[in-house]
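The values are calculated or read from the model by the stated rules, or taken from the named source; none is laboratory data. Keep in mind that what you see is a predicted model, and the values were worked out from it rather than measured. Neighbour counts are summed over all protein chains in view; Cβ atoms, including those assigned to glycine, are modelled from backbone coordinates with ideal geometry. Heads up: the accessible areas ignore ligands, DNA and RNA and are worked out on the full protein's heavy atoms, side chains in. Shrake-Rupley method; radii C 1.70, N 1.55, O 1.52, S 1.80 Å.
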Amino acid sequence: MKKFIEHLEKENDEIKQLEEKSRRIAMHDTLTELPNRLSFLNSLELRLSELKNSKSKKNLAVFFIDLDDLKKINDTYGHKIGDEILKEFADRISLLMKSDASECFIARLAGDEFVLFSESDSGIEKFENQANLLLEQINPSFTIKNHIPLKIRASIGISIYPNDAVTVDELIDKADKALYRVKTSGKNGYEFYKQL
């Protein structure tokens, strides 16, 4: 009987581990190990709901980040090198945002698109600083598997709750529109939606 109970406990532990692994796979990007689109949308929805219910005066910014010209690197050096750049970029921005004491959530949407949201009690100056830090973090060359150093740049579009929008879809859409403006005006920079 004791062995039977031990066997059941072992099976139960294995099932729990598999469930946890499945949850992680469902909510994280397998390449970068960052949260994925679904995880980002759920987290942003929850945070907006908390801000609305608390009648908070905080601003929340959604940053839509796109790596400039990664396709050229994929075409020249292959997708494995492109994937390594995506992983290195994810590591760099994760470290950068961890050093920021405020609430910040980073995710990979798809391809070379990343998103994050961040909060501020004191207007948009903090978001400007974060955008500049993100661009600086990308500036150093990426040296991947003994290849020549590869230069990558990024374009960032930013929308702000509650000034620009109050829903998840609107905030992402407006950040995407701001990103498009950066992409069409020379890349390698950032813009706020309200400046459009």
Exercise for the section: Please state, as a whole number in µm²/s, the translational diffusion coefficient that the Stokes-Einstein equation yields for segment 142-189 at 37 °C and 0.692 mPa s, with Rh defined as the Kirkwood radius across alpha carbon pairs. Expected result: 265 µm²/s
Practice task
With a 1.4 Å probe and every protein chain left in place, work out the accessible area per residue of segment 62-129 in Å², rounded to a whole number.
Solution key: 45 Å²
Handout entry: Positive-pole candidate from Ser94, Ser54, Gly82, dipole of segment 51-94, charges at beta carbon
Key = Ser54
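Could you sort out which of Lys52/Lys187; Lys55/Lys177; Lys72/Lys126; Lys145/Lys194; Lys98/Lys145 sit more than 31 Å apart by Cα distance in this structure? All intermediate terms of the calculation are to be shown ahead of the outcome.
Details: Lys52/Lys187 34 Å; Lys55/Lys177 28 Å; Lys72/Lys126 33 Å; Lys145/Lys194 41 Å; Lys98/Lys145 26 Å.
Where the Cα-Cα span goes over 31 Å, the pairs concerned are Lys52/Lys187; Lys72/Lys126; Lys145/Lys194.
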Fill in the blank from the handout: Once amide hydrogens are built 1.01 Å from N within the peptide plane, the residues lying 5 or more places from Tyr190 or on another chain with amide H under 5 Å from its amide H are Ile156
Fill in the blank from the handout: For segment 64-168, the dipole about the Cα centre with charges only on Cβ (Lys and Arg +1, Asp and Glu -1), to the nearest 20 debye, works out at 500 debye
Exercise for the section: List, in order, the whole-Hz ³J(HN,Hα) value for each residue of segment 47-54 obtained from phi through the Karplus relation with A = 6.51, B = -1.76, C = 1.60 and θ = phi - 60°; use x for Gly and Pro. Expected result: 5, 4, 4, 5, 5, 5, 5, 8
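Could you give the dipole magnitude of segment 41-110 about its Cα centre, charging the beta-carbon of Lys and Arg +1 and that of Asp and Glu -1, in debye to the nearest 20? Let's see the in-between values first.
Numbers: 12 positive and 12 negative charges, 85 e Å.
With Lys and Arg at +1 and Asp and Glu at -1, about 400 debye.
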Handout entry: Semi-axis lengths, Å, segment 20-177, gyration tensor of Cα atoms, sqrt of 5 times eigenvalues
Key = 28, 18, 13
Handout entry: Where the Cα pairs of segment 108-196 fall when distances are cut into 10 Å bins, in %
Key = 16, 46, 28, 8, 2
